[in-house]
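One structure is given here, and the rest of the page talks about it.
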Amino acid sequence: MEEWARAMPELEAAYAVGKGPTDPATLTEYLDGRSPHEIRSWMFRVLRTLIDHSQVGALINNMRWFVREIDGPAQFLTSDRPIITLYEFAAEDSYIILPIGPKSAFVAVNNVATQRRIEAYDAERWVGGLNRLIAGAAVRFAFARDDEMRPLIEKAFGSKPRTTLFQYLVRYRRQKNPD
């Protein structure tokens, strides 16, 4: 949440205009007074709005969606930054990958060729690469089914921070509408 407030100072300005006489002085103070459940609910409403956005939502909704199930001993990690994507959703070879269980990942792509390429990757190598990205992007948490992946998590944790979707959208908006 703090990341959003820092990335969009206009949120603070909008809060200042709309706050009531008994509301906290700043957006940060207001958010600090909210429970994690309230913040999470609000963030999901914002996410739904983004997905329903005529341009962003249409790009994601029009992608080819599938679940890649894997066999063998490989298992996916997850973290507080589990989404792997190019964010250039309109690019022909764009993808969104999100582990949804130890043996499966949600995948969205823009064409059959990219889908086939992802489906053809050797499961062990594919999962290993994704796990390094997921652990590398983690900020506070990484999760595995058991302690077997502890060495990978300890080695990679936070080593490859990625731009979040929100940061990307803010940057994109500012490039389109420099003020």
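The values are calculated or read from the model by the stated rules, or taken from the named source; none is laboratory data. All values reported here derive from a predicted model rather than from experimental measurement. Here the Cβ positions follow ideal geometry from the backbone for every residue, glycine too, while neighbour counts run over all protein chains shown.
Check whether at least one residue in segment 106-117 is under 29 Å from residue 135 (Cβ atoms), among the hydrophobic types (A, V, I, L, M, F, W, C), modelled with pLDDT under 90 and not in a loop (DSSP other than H, G, I, E, B), and report yes or no.
No, segment 106-117 contains no residue that is under 29 Å from residue 135 (Cβ atoms), among the hydrophobic types (A, V, I, L, M, F, W, C), modelled with pLDDT under 90 and not in a loop (DSSP other than H, G, I, E, B).
So which residues in segment 1-35 are at pLDDT 75 or above, more than 19 Å from residue 140 (Cα to Cα) and not in a helix (DSSP H, G or I)?
Those that are at pLDDT 75 or above, more than 19 Å from residue 140 (Cα to Cα) and not in a helix (DSSP H, G or I): 19, 20, 21, 22, 23, 24, 25, 26, 33, 34.
Condition check: among the polar types (S, T, N, Q), out of contact with any Cys (no Cβ under 9 Å at 6 or more places or on another chain) and at pLDDT 75 or above. Does residue 49 satisfy that?
no
Within segment 140-157, count every residue that is without any contact (Cβ under 8 Å) to a residue 60 or more places away in the chain and more than 16 Å from residue 74 (Cα to Cα).
So the count comes out to 4.
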